Each structure stands twice: as structure tokens, then as C-alpha cells.
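Single-structure report; data block below.
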Amino acid sequence: MYPAVPDRHLPSITPLTARSVALSTLLGYHPPALPISALVKVGELLGIADRATRVALTRMVKDGDVTADNGVYRLSDRLLRRQAQQDGLTSPPTRRWTGGWEMAVVTSTTRPLAERVALRKSMVRHRMGELREGVWMRPDNLARELDGVIADQCEFFVSHHSDAPNLAASLWDLPGWAAEAERLLTVLDEAESLADGFMATAEVIRHLLLDPYLPAELLPAGWPGDRLRGCYSDFSASYSERLRKYSGA
């Protein structure tokens, strides 16, 4: 068992809003299409008023997050890509690690704040660790394409390091991630009500996005990543069915 080491980099769950509840609900359904009555019922389960859900859905249509047809709301193409990413959390595509590291070096000189923020978010989403300002690294064991935000601002290099485990430990707070994963395993095990399950699912998804998904050679003993992914997969399948029955979807 890892000690409960706090980590200022681990994200917290913000208070629920009508928009976040509706969006999270749709992201959890396959296909991601639900009648407004079902979305209202899920909102009410989490303390969101009927009117607030309806107003949020109207704004989401306007913002291009969802489409509406005869009272049925569906994710937009953009958010369908986000759902696919979320679905891949349990088993990101990998390739055999031979000791190499990806190194992304920011080459853009004058960058507006919005571009710098977008780059940082993309780096975290692609499981890159920040060595220092403008230099990001990770073992090259993931088989994925980097988005245009990174490609437009960085040059990529292949590198090696004489002490890869220590380098990994300097790029990510591995004890902090593991401690939070152990806590979430308990949360999943104890989530009995639909409301508790909704919050547990949101927390686990957010945490899995921060898993650096390192090669086995670089992980501390007893690493709980695979256990958390497996428990989440089992819990999610059961919970989605329970929520579907409750909402009448």
C-alpha cells in the first residue's frame, strides 16, 4: 500500500453543474444519445433542477457540444472524439519499449498565453512529463499520434537516459498518483448509490487521464494502475446499466 502523499498536480472534482452532469451522462452512453427526460432524471438525481438541465442543454446546442432532434440529444462530432479518448483509458495503445524517450522541445519564441495554455493541456493529455520549461519527455512506449497543437509549437527528438527510473520519478509524482489510485479503488468498492457511482466514475476517469502509463521497467513495485483500470471497467459496465434503468433511457 502506498502512503497517502498529497499531490498539488492531481485535479480536484469541481462542483457539479447542469452542463457537466448532462455532458458526463452522454459521454458514458453508447451510442451517446438520450431523450431530454432521461437527462433531466439524472440531473435530479444529483440535485440539478429540471429547468437548469433544460437551459444547459439549450446552451450546449448553441455551443456545438450536442445536437438535438425531436427531444433527443446527441454528442457533436468533436465530443464523439472525446468519448473515444475516454473509452481508451483502460488500455492505451502501446508498443515494446526499447529504452528510448520522446523529447519535445518548444521552438516557438513568441507565444500568446492561450497557445501556451493549450500546449500544456495537450502535453498532459498525451501523458508527457515536463523536465523544465519548454522541454517535455516520456518513454516512447505509446503508439499514438500527437495533435496539431504540439506539432505546431515543438520539435521532437529521440533520446536515452542512463538512469531511466529516476528520470521517470522526477517527471511524475508516482507515489502521489498511486496513493490516489488506492483511494479510488476503495471509492469504487463502496459506491452503492447512483449518485455516489456518478461521482466515483468522474473521479476515476479524471485520474486515469493522469496515469503516465509507463513501461513496467519504470514502475514502482505494486503499481495500482492496471487494478484501477480493471475495476473501473467492471464498475462502469454495471453502473451504466443501473443508470439506464433509472433514467428510463
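Numbers below:
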read-out: Yes/no for Leu131 being farther than 30 Å from Glu44 by Cβ, among the aliphatic types (A, V, I, L, M), surrounded by 14 or more Cβ atoms within 10 Å (Cβ to Cβ) and touching a Gly at 6+ places or on another chain (Cβ under 7 Å); value: no
read-out: Some residue of region 197-214 being assigned to a helix (DSSP H, G or I), farther than 20 Å from Ser20 by Cβ and not hydrophobic (A, V, I, L, M, F, W, C); value: no
read-out: Candidate set: region 92-113, residues that are farther than 11 Å from Leu142 by Cα and under 23 Å from the mean Cα position of the chain (by Cα); chosen: the one surrounded by the most Cβ atoms within 10 Å (Cβ to Cβ); value: Ala104
read-out: Residue in region 30-48 that is without any contact (Cβ under 8 Å) to a residue 40 or more places away in the chain, part of a strand (DSSP E or B) and either touching a helix residue (DSSP H, G or I) at 6+ places or on another chain (Cβ under 8 Å) or on the phi > 0 side of the Ramachandran plot (or both) present; value: no
read-out: Odd one out for Leu243, checked against (1) in a loop (DSSP other than H, G, I, E, B); (2) of a type outside the set (D, E, K, R); (3) crowded, with 17+ Cβ neighbours inside 10 Å; value: (1)
read-out: Criterion (in a loop (DSSP other than H, G, I, E, B), at pLDDT 95 or above and in contact with a helix residue (DSSP H, G or I) (Cβ under 9 Å, 6 or more places away or on another chain)) met by exactly one of Trp177, Trp223; value: Trp223
read-out: Meets criteria (acidic (Asp, Glu), free of Cβ contacts under 8 Å to residues at least 24 places away in the same chain and touching a helix residue (DSSP H, G or I) at 6+ places or on another chain (Cβ under 9 Å)) for Glu190; value: yes
read-out: Hits in region 79-132 (condition: in a helix (DSSP H, G or I) and of a type in the set (Ser, Thr, Tyr)); value: Thr90, Ser122
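The values are calculated or read from the model by the stated rules, or taken from the named source; none is laboratory data. Keep in mind the model is a prediction, meaning the values are calculated, not measured. Neighbour counts are summed over all protein chains in view; Cβ atoms, including those assigned to glycine, are modelled from backbone coordinates with ideal geometry.
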